[in-house]
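These notes concern the structure reproduced below.
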Amino acid sequence: MRWTDCRIVAFDTETTGLRPFDGDRVIEFGAVELTVTPDMRVTDVQRHDFLINPGMPIPRDATKVSGIGDDAVADEPPFEKRAGQVRRLLADAILVAHNLAFDLGFIRAELARCDHWWPRTLAEVDTLPLAQARLPELKNYKLGTLCKAMEVDLVEAHRASNDAEACGRAFVELCRRQGAPDSLEELVVWADAVSQPPPTGHLAVGDKGVAEFLGGPFQGQTIEQHPDYLQWMTMALERTDGGWTHRFPDELREWGRRWLRARGAARTRASSKGGSSQDWNLDPAPWRQARAIRPEAP
């Protein structure tokens, strides 16, 4: 399957703060659906932009960044009124965002508050680590810097749909200039993106839209709760026929390494990645506690 034939959705959020699991909320959601030719050129953009009433005062510092104050959202609906639209926009698409886990953490937290879950997606691409890998000469990896390098206009930065469109266009242009592969499967590897886990019988996407363990000590729990165990799966050996072999299939091990790199690359916008789950904006579970894992054989 050519990735340019798929739905490509770039998205962004503006928020009251940096911590989705500590009560910060989304105040604007923006997404663009990109139509891309086989030679990787954008021919059409469909924009979706929702202002959202967060049900709390917007801090002055947040308003300074986005320009969105309490008056702008006073008559707007809460996120729960937009949840279905947001979820449908993101479902079954290649998602693109700059520092994706930041926005992913907020959208997932908002969806969970109204009993919705992250949808199944074709792939999730973060243009921040992608730019770091493909454009080592850049002085920094802010969205504006990436857009300038790709000759993409970024007008009225820090408004969600504007940032989303600039990010999406920069992604496509980066793919074109750097010779990205045509197939979706190869693009996922090339971009170090997150995709559906391989059908090896060890992981599968559950009802909450994220990968879960199908066996072992954490059966039925998400890999985000136990990334240390996922990392162990990428390295685990077993003795067979007098030698040592990897316990898990190569395709699963590569997928796991890619997932760990992709999620570990993200950070909150105002601080470097630290040791808590909130710094990665994934899940409030204490999965990054330092501990030795000696799991039972699945």
When restricted to LEU252, LEU237, the only residue aliphatic (A, V, I, L, M) and within 19 Å of VAL194 (Cα to Cα) is LEU252
Give the residues of segment 60-75 that are assigned to a loop (DSSP other than H, G, I, E, B) and crowded, with 17+ Cβ neighbours inside 10 Å, sorted by residue number. ILE68
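From GLU33, GLU28, grab the single residue that is farther than 17 Å from PHE102 by Cα, surrounded by 15 or more Cβ atoms within 10 Å (Cβ to Cβ) and acidic (Asp, Glu).
GLU33
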Given (1) within 26 Å of ARG87 (Cα to Cα); (2) crowded, with 19+ Cβ neighbours inside 10 Å; (3) at pLDDT 95 or above, index of the condition GLU224 fails: (3)
Right, ARG176: in contact with a Gly (Cβ under 8 Å, 6 or more places away or on another chain) and of a type in the set (Lys, Arg) or not? no
Cβ-Cβ under 7 Å pairs, at least 6 apart or on other chains, segment 126-153 side touching a residue at least 24 places away in the same chain (Cβ under 8 Å), far side surrounded by fewer than 16 Cβ atoms within 10 Å (Cβ to Cβ): ALA131/LEU138; ARG134/GLN178
Can you pull out the helices (runs of 4 or more DSSP H) entirely within segment 131-244 that have at least 1 residues that are touching a strand residue (DSSP E or B) at 6+ places or on another chain (Cβ under 8 Å) and under 30 Å from THR63 (Cα atoms)? 160-177
For segment 102-130, what are the residues that are part of a helix (DSSP H, G or I), touching a strand residue (DSSP E or B) at 6+ places or on another chain (Cβ under 7 Å) and closer than 22 Å to TRP255 by Cβ? THR127
If I ask for residues that are among the β-branched types (Val, Ile, Thr) and in a strand (DSSP E or B), which ones from segment 1-59 would you list? ILE8, VAL9, THR13, THR15, VAL26, ILE27, VAL32, THR35, VAL36, VAL42, THR43, VAL45
With the condition kept exactly as written, say whether any residue in segment 47-57 is in contact with a His (Cβ under 9 Å, 6 or more places away or on another chain) and among the hydrophobic types (A, V, I, L, M, F, W, C). no
Which condition number does ASP182 fail, the rest of (1) under 23 Å from the mean Cα position of the chain (by Cα); (2) outside the structural domain of ASN99 (by TED's automatic domain parsing) being met? (2)
Does any residue in segment 44-57 that is without any contact (Cβ under 8 Å) to a residue 24 or more places away in the chain come within less than 8 Å, Cβ to Cβ, of a residue that is among the aliphatic types (A, V, I, L, M) and assigned to a strand (DSSP E or B) six or more places away or on a different chain, and which pairs are these? ASP44/LEU34; GLN46/VAL32
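Yes/no per residue for (1) within 19 Å of the chain's Cα centre (by Cα); (2) of a type in the set (Phe, Trp, Tyr); (3) surrounded by fewer than 15 Cβ atoms within 10 Å (Cβ to Cβ):
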residue	(1), (2), (3)
THR121	yes, no, no
ARG134	yes, no, no
LYS148	no, no, yes
GLU156	no, no, yes
ASN162	yes, no, no
PHE171	yes, yes, no
LEU174	yes, no, no
PRO198	yes, no, no
Identify all residues within segment 76-90 that are among the charged types (D, E, K, R) and either free of Cβ contacts under 8 Å to residues at least 40 places away in the same chain or surrounded by fewer than 16 Cβ atoms within 10 Å (Cβ to Cβ) (or both); write none if there are none. GLU76, GLU80, LYS81, ARG87, ARG88
Scanning for something at pLDDT below 95, within 23 Å of the chain's Cα centre (by Cα) and either among the small types (Gly, Ala, Ser) or more than 22 Å from LEU90 (Cβ to Cβ) (or both), does segment 31-51 turn up at least one residue? no
Working carefully through the options ALA265, ALA270, find the one that is at pLDDT below 90, surrounded by fewer than 19 Cβ atoms within 10 Å (Cβ to Cβ) and more than 20 Å from TRP117 (Cβ to Cβ). ALA270
Step by step: first the residues of segment 91-119, then only those that are aliphatic (A, V, I, L, M) and free of Cβ contacts under 8 Å to residues at least 40 places away in the same chain, then the one that is surrounded by the most Cβ atoms within 10 Å (Cβ to Cβ). Which residue is that? LEU111
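The values are calculated or read from the model by the stated rules, or taken from the named source; none is laboratory data. None of these values were measured; they are calculated from a predicted model. Because the Cβ atoms are built from the backbone with ideal geometry, glycine has one as well, and the counts that use them run over all protein chains shown.
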